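These notes are about the structure you will find just below.
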Amino acid sequence: MSTSAEQSAPESVDEPPVITFRDLGLGEQVLKALSDVGYETPSAIQAATIPTLLEGRDVVGLAQTGTGKTAAFALPILDRLDLAQKTPQALVLAPTRELALQVCEAFEKYAARTKGVHVLPVYGGQGYGVQLSALRRGVHVIVGTPGRIMDHLDKGTLDLSELKYLVLDEADEMLKMGFAEDVETILADTPDTKQVALFSATMPAAIRRMSKQYLNDPEEITVASKTTTSSTITQRYLIVSFQQKIDALTRILEVENFEAMIVFARTKSATEEVAEKLRARGYSAAAINGDVAQVQRERTVNQLKSGKLDILVATDVAARGLDVERISHVVNFDISTDTESYVHRIGRTGRAGRTGDAISFVTPRERGLVNAIERATRQPLTQMQLPSVDEVNVTRLSRFDDRITAALEETERVERFRDIIAHYVRHHDVPEVDVAAALAVVAQGETPLLLEPDPEPRARAPRDDRAPRTFDRDDRDGRPERRPRGSNPNMTTYRIAVGKRHRVEPRQIVGALANEGGLSRGDFGAIQIRPDFSLVELPSDMPQSTLDRLSDTRISGKAIEIRVDTGGPGRRPRDRDDRGGSDRFGGRDRDDRGSRDDRDDRPARKPRHRADHD
Ligand code: AMP
């Protein structure tokens, strides 16, 4: 592992000194592999566990997925393997086949520079044949689920008589899944001399008892953070799959009102990749990591300070001590492996008395880290949703409007075109608004102004509900047949002509409709606020008199024009330039969630202070 990068990293007084993998006592081959995978520094659990395991002591580690616990036990094992030994030396027990495979992959990754290491996954559901022939050839490390390991022991096909290292990964999960007895049998039937490392996210009494009985004076390692975060930083998280991360980041960049941003990634290569993808989408982004020379790093940071650059994609080490007032947002593209580094990361925003925003991407497996961070920082993290297509489009329209306003302010230049446009209008007998729209087409080029709606989710309504509608969808005066559109057959979805652009919130809608229509809160079903309109579920059996009263309702001064939502585009011919009218997006009655490939949309850089639109 190269350490020069860490040594030259800028330090600040409020941060502990950087510990390197080399400091932990690991050998050259493992260090080289770590350098290949791009880890710069050990996570907290690694820094605490690796030296203890290398010393030969047993360990009980309180750690969740996402903290780097796999490397914490895998590295010391790999470092001490005797490749000449044919019988298994290390056994890792994991609760599920997925985790077992993941741990196997991790071992293989860290063993890439050590020739001849054999790692074997052993789990139920896989044929015995593959496992048996591999066992016969000889393996050094076995990663398996307790049930299948027990089967092999019962059959006499697995010889653990010379086992040196036993790891119980996610011990609490193994107990929850009913493996307590198997785990205890394996612990009892393997050599007393083995070293045991037990990792668990929680420490129920059963695990305490097990560790007392089967572990030899273990060192207990809990990675707790003493640091706290500033309350001027708003902390949010987004549950997102690994594959969705780039699209999620792009959407966040579009809708968040940011000035400058640091995006944290776990590895050097990830910083390069993310920065590259952002540049390809039109953002000014650069990567800094331990491999980037100090001079270049300083240059990049200065660009961020001066506003030439808006997004810095960094590893923890490269961003240490960074103090740039413009940073309004920190995005943890990969969530920190420990709470202390989380606190340091988000401390890059909210500097000099400003407020800041921190958004963390959390994969479903890493959910547990959110609680750990909340406990350590003693501050709540709010879950956010992936910005919807509508939200993205609202900001795009708002920016489009800003550009028109800014251009109109250049009075002299506008003046020069006035006569030309007037001449065109006279000679071609075309409305001015159409000419303006045509010029917008020219200005916009091939890039679509708005995102397309996400693919429609499969209908959830029962079959009977999909019968064609019988009423005239523009019939607002007569009483249309009301029928449910949503999942609740007793509710009907109504459309009202106020939406995000009118700054309405669900509570205003409930308040206004309840007051005018004499409804109670319990009468309301789901409320969805769309850019130019909203959808409100109300009881299907509402009397006509209530509907009549509701039709006179105004919210924020605007008539709500309540009508049954038909789910169609609802675009009326004269709606074209009616800003406050319904359906500016032409029927975006869809669930916006889910991923979509918007790679070709290249938004312009977004100013932090958008002019208010309406
Ligand atoms: P784990 O908690 O073992 O599931 O690890 C969570 C993630 O952190 C995995 O994707 C690892 O590849 C990554 N990781 C582990 N240790 C480090 C480190 N020291 N630096 C950067 N990433 C790491």
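The values are calculated or read from the model by the stated rules, or taken from the named source; none is laboratory data. Since we're looking at a predicted model, the values are computed, not measured. In this analysis, Cβ positions are derived from the backbone assuming ideal geometry, glycine residues included, and neighbour counts consider all displayed protein chains. Only protein heavy atoms, including side chains, enter the accessible area calculation; ligands, DNA and RNA are left aside. Shrake-Rupley method; radii C 1.70, N 1.55, O 1.52, S 1.80 Å.
Overview of results
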{"item": "Given (1) more than 22 Å from residue 372 (Cβ to Cβ); (2) more than 10 Å from the ligand (Cβ to nearest atom), number of the condition residue 48 does not satisfy", "result": "(1)"}
{"item": "Hey, residue 272 modelled with pLDDT of 90 or more and either in a strand (DSSP E or B) or open to solvent by 10 Å² or more (accessible area, probe 1.4 Å) (or both) or not", "result": "yes"}
{"item": "Any hit, region 176-191, residues being open to solvent by 20 Å² or more (accessible area, probe 1.4 Å), free of Cβ contacts under 8 Å to residues at least 24 places away in the same chain, more than 16 Å from residue 358 (Cβ to Cβ) and not in a helix (DSSP H, G or I)", "result": "yes"}
{"item": "Filter result for residue 358 (more than 18 Å from residue 287 (Cβ to Cβ) and open to solvent by less than 10 Å² (accessible area, probe 1.4 Å))", "result": "yes"}
{"item": "Number of positions in region 294-342 that are more than 16 Å from the ligand (Cβ to nearest atom) and under 22 Å from the mean Cα position of the chain (by Cα)", "result": "8"}
{"item": "Residue satisfying condition, being in contact (Cβ under 8 Å) with a residue 40 or more places away in the chain and either in contact with a strand residue (DSSP E or B) (Cβ under 7 Å, 6 or more places away or on another chain) or charged (D, E, K, R) (or both), within set 281, 375", "result": "281"}
{"item": "Contacts under 7 angstrom Cβ, first residue in region 425-450 being exposed (fewer than 12 other Cβ atoms within 10 Å of the Cβ), partner modelled with pLDDT of 90 or more, 6 or more apart", "result": "432/425"}
{"item": "Residue match in region 386-393 (condition: in contact with a strand residue (DSSP E or B) (Cβ under 8 Å, 6 or more places away or on another chain) and in contact (Cβ under 8 Å) with a residue 12 or more places away in the chain)", "result": "yes"}
{"item": "Enumeration of residues in region 278-305 that are assigned to a helix (DSSP H, G or I) and open to solvent by 80 Å² or more (accessible area, probe 1.4 Å)", "result": "279, 295, 298, 299, 302, 305"}
{"item": "Filter pass, residue 324 being in contact with a Gly (Cβ under 6 Å, 6 or more places away or on another chain), open to solvent by less than 10 Å² (accessible area, probe 1.4 Å), more than 21 Å from residue 386 (Cα to Cα) and at pLDDT below 95", "result": "no"}
{"item": "Residue that is modelled with the highest pLDDT [pool: residues in region 347-397 that are hydroxyl-bearing (Ser, Thr, Tyr) and assigned to a loop (DSSP other than H, G, I, E, B)]", "result": "363"}
{"item": "Tally of residues being away from the ligand (no atom under 11 Å from the Cβ) and crowded, with 22+ Cβ neighbours inside 10 Å across region 63-86", "result": "3"}
{"item": "Every residue from region 361-372 that is touching a strand residue (DSSP E or B) at 6+ places or on another chain (Cβ under 6 Å) and buried (at least 23 other Cβ atoms within 10 Å of the Cβ)", "result": "361"}
{"item": "Top-ranked residue of region 27-45 - restricted to ones that are open to solvent by less than 10 Å² (accessible area, probe 1.4 Å) and more than 10 Å from the ligand (Cβ to nearest atom), ranked as nearest to residue 271 (Cα to Cα)", "result": "33"}
{"item": "Any pair with Cβ under 7 angstrom, 6 or more apart, that starts in region 256-269 at a residue that is closer than 18 Å to residue 322 by Cα and of a type in the set (A, V, I, L, M) and ends at one that is within 16 Å of the ligand (Cβ to nearest atom) and outside any loop (DSSP other than H, G, I, E, B)", "result": "262/314; 263/274; 263/313; 265/271; 265/274; 265/313"}
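Listed here are the residues, each with its yes/no results for (1) in contact (Cβ under 8 Å) with a residue 60 or more places away in the chain; (2) within 15 Å of the ligand (Cβ to nearest atom); (3) surrounded by fewer than 21 Cβ atoms within 10 Å (Cβ to Cβ).
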| site | (1), (2), (3) |
| --- | --- |
| 55 | no, no, yes |
| 58 | yes, no, yes |
| 61 | yes, yes, no |
| 88 | yes, no, no |
| 99 | yes, yes, no |
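One line per residue, one yes/no per condition, for (1) at pLDDT below 95; (2) on the phi < 0 side of the Ramachandran plot:
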| position | (1), (2) |
| --- | --- |
| 31 | no, yes |
| 38 | yes, no |
| 43 | yes, yes |
| 71 | no, yes |
| 77 | no, yes |
